[in-house]
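Below is one structure, written out as structure tokens; the observations come after it.
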Amino acid sequence: KAQADKKAAAEKKALAEKKAQADKKAAAEKKAQADKKAAAEKKALAEKKAQADKKAAAEKKALAEKKAQADKKAAAEKKALAEKKAQADKKAAAEKKAQADKKAAAEKKALAEKKAQADKKAAAEKKALAEKKAQADKKAAAEKKALAEKKAQADKKAAAEKKAQADKKAAAAKKALAEKKAQADKKALADKKAQVHKKVNYPTQINSQQKRASRTELLTVSVSLNTGKIVSIASIGILASAILVSAMVFIAG
């Protein structure tokens with residue numbers, strides 16, 4: 001019995017040890033499986049985190065690229081808009097300058113036309129004034145010439161009338177002298193005939209009276225003839241002066 005109990009105790013102990021080893025092995029295996037599972041989960045988690053980080057990095061990169069493209073596009077659009085605005089401003093400035101130049105050219109042209117019209121008007125007025133003055137001068141010269149001719153004609157007529165009067169007076173004086181001489185001759189002849197019967201001592205007295213009467217008659221004739229010559233010369237001088245004045249007026253006109 002003691003041996004049996006000892007054997008049973010030994011077997012129980014061995015069984016207990018075997019069970020303890022089995023439990024230890026099972027616990028070790030369980031722990032190994034748990035560690036393996038934990039490692040696998042940790043690996044899976046790490047891989048999942050790595051994939052998430054990779055995805056996040058890819059999304060971040062894509063977002064950065066998208067933002068860069070958007071910024072590039074916005075910058076290009078902004079640049080294009082600035083260039084378009086610059087072109088529009090340049091075009092507007094060019095059109096404004098063209099309009100200003102066109103307006104300035106139109107104003108310059110209008111001013112030139114206005115000046116040309118003013119010059120033309122002034123030239124026309126100057127020409128009209130010159131023509132009016134020329135007409136006035138011509139009229140004045142014609143009136144002066146007509147007046148000079150009228151005066152010359154009047155002087156010529158007066159000289160002719162004066163000469164005619166002088167010639168008439170000279171002819172009358174000559175006629176009167178001739179008549180007087182004829183009467184004197186007739187009287188002298190009568191006296192001579194009357195004194196034929198007178199005494200011879202009177203011839204000297206008769207001759208001296210006849211000579212005195214003859215000298216008186218000759219002096220009267222000479223004075224009359226000289227007066228006629230003077231009047232004729234004066235008339236000729238007046239007529240020549242009138243002709244000379246007319247010629248001077250004609251030349252001046």
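No value in this document is a laboratory result; all are computed from the given coordinates. Remember, predicted model here, so these are calculated numbers, not experimental data. Neighbour counts are summed over all protein chains in view; Cβ atoms, including those assigned to glycine, are modelled from backbone coordinates with ideal geometry.
In the neighborhood of ALA146, defined by Cβ-to-Cβ distances under 14 Å, what is the net charge if each Lys or Arg adds +1 and each Asp or Glu adds -1? It works out to a net charge of +4. For LYS6, what is the net charge nearby, where nearby means another residue's Cβ is under 13 Å from its Cβ and Lys, Arg count +1, Asp, Glu -1? So the environment of LYS6 carries a net charge of +2. Distance from the alpha carbon centroid of segment 63-106 to that of segment 138-166 works out to 97 angstrom. Remark: segment 26-74 projects, on average over all directions, an area of 2.5 nm² (convex hull of Cα atoms).
Binning every alpha carbon pair distance of segment 1-148 at 5 Å from zero, what are the percents per bin? For segment 1-148, the binned pair fractions read 3, 6, 5, 4, 5, 4, 4, 4, 4, 4, 4, 3, 3, 3, 3, 3, 3, 3, 3, 3, 3, 2, 2, 2, 2, 2, 2, 2, 2, 1, 1, 1, 1, 1, 1, 1, 1, 1, 0, 0, 0, 0 percent. Charge tally for LYS109 (other residues, Cβ to Cβ under 11 Å; Lys, Arg +1; Asp, Glu -1): +3.
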